[in-house]
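**Student:** Provided herewith is a single structure, encoded as structure tokens, for subsequent inquiry.
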Amino acid sequence: MMVKELEKSGKPVVHITAMTPVSQAIGVNRILQATGGIPSPMCDPKASEEEQAQQRYRLISTAVKALSTDIKEQTVFY
Amino acid sequence: MKKVILYINQFFGQIGGEEAADHEPVLAEGPVGPGLALQPQLKDAQITHTVICGDDYMNEHTRQAMETIEGFLKDLEFDLLIAGPAFFAGRYGTNCGRICQFVQQRFHVPAITCMYRENPGVEMFRKDVYILEGGNSAAKMRKDLPKLARFANKLLAGDPILWAEEEGYFSRGVRAEVVLDRSRTADQRAFDMLMKKLKGEPYQTESPIEIPQKVPIAPPVKDPSKATYLFVSTGGVVPMGNPDHITTGTADHYGVYDLTGQDTLKAGEWESVHGGYDHAYANADPLTHIPLDAFRKLEQEGKIGGLYPKIFCTVGNLNSETNAVNMAREILKELQDQNISAIVLGSA
């Protein structure tokens, strides 16, 4: 809901969430599947520290990519 | 005898017109203004006090106004708050919605108001507050007061509150079961509805499907290497000690934290206050919610222009659309002069 309101500014917003179906149902335009789960969305806390850092890097890189992608309809990125 | 508090603006409180719109909240004894006409319509209830507040004051100094009003109310006993009616007055309607929402959350006492369908207060607060549908100008006062009184009397008597159309309030999106008379079971109602539809007669669905409002897709960032990205989190990870007192759920505000010069976030300096998940991972590593290191790496590689130095953090748990919308609007207002190209919002 915050995502949608923020997007009314005309700036693209990407929603990183573990619960993509909720985001889809609400009608968010750019959705990015979180790497981890709800308690730890940005990376898998059971992976090694190095792996976790890589996961975060990949995730945010995809976020940046999503924000640069021209979309015509609601899109879930992975 | 039940006790009722009335909330009205400076105009109906007879303090003044526009020139008094910046008036601080005051507490008057007994009913004032429309309260005088409302009082005889209430059953076994007394308007013990009236809160009068300038519409501009409440709008521009909301937190102070709420604190002051909280101070008035905290030592009073009351069973219900009635605000308005606000008709089509946008500031007034918004303020009536605000005060009702606040009183419900803070004092766990029902609070109701009444305003015209197009008053912005309706869309902002209908999900959290019973807003009765009222007329579009003060000339409709004589019709609106009985609506407020009737509904107030039901609430005070503990009578079951039926669905929106039946009671005259704006639908709140709440589902509840009501048992109807045996002669009107679902199969009969469905059959009647079908017959009407086949005959081309108007009928009313019992289950309207609400399609969420679409927001136009914002154009993509053309050149990330020159762009500034804002990070917002609703995962509830905040500096240790929660200096901004973000609540575990139904948060109505956010904290702003400056990460200039930091490349990482350390355990022990941040904590999660989100009421919707186990904090073990978040507390052991705040980067699991605020991936600062990833942003810094992208900055160093020149792949993004930069991460906006301040991050905005709140808790998304159990939140209402009203709060979410308000917070988003505040964030945009705070940043309107900054050159933000895009926003990354991380949920829990």
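The values are calculated or read from the model by the stated rules, or taken from the named source; none is laboratory data. This structure is a prediction, so every number in the text was calculated from the model and none was measured. For neighbour counting, all protein chains shown are included, and Cβ atoms are generated from backbone atoms with ideal geometry for every residue, glycine included. SASA here: full protein model, heavy atoms, side chains in, ligands and nucleic acids out. Shrake-Rupley method; radii C 1.70, N 1.55, O 1.52, S 1.80 Å.
**Student:** Of all residues in the range B:15-38, count the ones that are over 25 Å from B:R150 (Cα atoms) and either without any contact (Cβ under 8 Å) to a residue 40 or more places away in the chain or touching an Asp or Glu at 6+ places or on another chain (Cβ under 8 Å) (or both).
**Tutor:** 10
This table checks each residue for (1) touching a residue at least 12 places away in the same chain (Cβ under 8 Å); (2) farther than 19 Å from B:H23 by Cα; (3) open to solvent by 10 Å² or more (accessible area, probe 1.4 Å).
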residue	(1), (2), (3)
B:P40	no, yes, yes
B:G54	yes, no, no
B:H61	no, no, yes
B:D75	no, yes, yes
B:L81	yes, yes, no
B:G90	yes, no, yes
B:I112	yes, yes, no
B:E133	yes, yes, yes
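**Student:** Filter the range A:49-59 down to the residues that are surrounded by fewer than 19 Cβ atoms within 10 Å (Cβ to Cβ) and either of a type in the set (D, E, K, R) or touching a residue at least 24 places away in the same chain (Cβ under 8 Å) (or both) and list them by number.
**Tutor:** Listed by number, the residues that qualify are A:E49, A:E50, A:E51, A:R58.
**Student:** Return the residues of the range B:228-270 that are within 11 Å of another protein chain (Cβ to nearest Cβ) and either out of contact with any strand residue (DSSP E or B) (no Cβ under 9 Å at 6 or more places or on another chain) or not in a loop (DSSP other than H, G, I, E, B) (or both); say none if nothing qualifies.
**Tutor:** B:T228, B:Y229, B:L230, B:F231, B:V232, B:S233, B:G235, B:V237, B:T264 - these are the residues of the range B:228-270 that are within 11 Å of another protein chain (Cβ to nearest Cβ) and either out of contact with any strand residue (DSSP E or B) (no Cβ under 9 Å at 6 or more places or on another chain) or not in a loop (DSSP other than H, G, I, E, B) (or both).
**Student:** Test each condition in (1) in contact with a Leu (Cβ under 9 Å, 6 or more places away or on another chain); (2) buried (at least 17 other Cβ atoms within 10 Å of the Cβ); (3) closer than 17 Å to B:A251 by Cα for B:I69 and report the one that comes out false.
**Tutor:** Every condition holds for B:I69 apart from (3).
**Student:** How many residues does the range A:11-42 hold that are closer than 25 Å to B:S341 by Cβ, open to solvent by less than 40 Å² (accessible area, probe 1.4 Å) and either facing another protein chain (nearest Cβ under 7 Å) or in a helix (DSSP H, G or I) (or both)?
**Tutor:** 12
**Student:** Only one of B:I304, B:I290, B:I311 is in a loop (DSSP other than H, G, I, E, B), open to solvent by less than 30 Å² (accessible area, probe 1.4 Å) and out of contact with any helix residue (DSSP H, G or I) (no Cβ under 7 Å at 6 or more places or on another chain). Can you tell me which?
**Tutor:** Values: B:I304 fails: out of contact with any helix residue (DSSP H, G or I) (no Cβ under 7 Å at 6 or more places or on another chain); B:I311 fails: in a loop (DSSP other than H, G, I, E, B).
Step by step, each of B:I304, B:I290, B:I311 is checked, and only B:I290 is in a loop (DSSP other than H, G, I, E, B), open to solvent by less than 30 Å² (accessible area, probe 1.4 Å) and out of contact with any helix residue (DSSP H, G or I) (no Cβ under 7 Å at 6 or more places or on another chain).
**Student:** Hey, among A:K46, A:K4, which residue is more than 19 Å from B:T228 (Cβ to Cβ), at the interface with chain B (Cβ under 7 Å from one of its Cβ atoms) and either open to solvent by 20 Å² or more (accessible area, probe 1.4 Å) or polar (S, T, N, Q) (or both)? Break it down stepwise before answering.
**Tutor:** Numbers: A:K46 fails: at the interface with chain B (Cβ under 7 Å from one of its Cβ atoms).
After applying the criteria, what remains is A:K4.
**Student:** State whether one or more residues within the range B:2-23 are open to solvent by less than 20 Å² (accessible area, probe 1.4 Å), in a helix (DSSP H, G or I) and more than 20 Å from B:V109 (Cα to Cα).
**Tutor:** There is at least one residue in the range B:2-23 that is open to solvent by less than 20 Å² (accessible area, probe 1.4 Å), in a helix (DSSP H, G or I) and more than 20 Å from B:V109 (Cα to Cα).
**Student:** Right, next: With (1) open to solvent by 100 Å² or more (accessible area, probe 1.4 Å); (2) more than 9 Å from chain A (Cβ to nearest Cβ); (3) charged (D, E, K, R) as the list, and B:K196 as the residue in question, which single condition is left unmet?
**Tutor:** Only one criterion in (1) open to solvent by 100 Å² or more (accessible area, probe 1.4 Å); (2) more than 9 Å from chain A (Cβ to nearest Cβ); (3) charged (D, E, K, R) is unmet by B:K196, namely (1).
**Student:** Looking at B:A294, B:A284, B:A280 in this structure, which one is at pLDDT below 95 and either in contact with a Pro (Cβ under 6 Å, 6 or more places away or on another chain) or at the interface with chain A (Cβ under 10 Å from one of its Cβ atoms) (or both)?
**Tutor:** B:A280
**Student:** Is it fair to say B:A328 is within 7 Å of chain A (Cβ to nearest Cβ) and assigned to a helix (DSSP H, G or I)?
**Tutor:** yes
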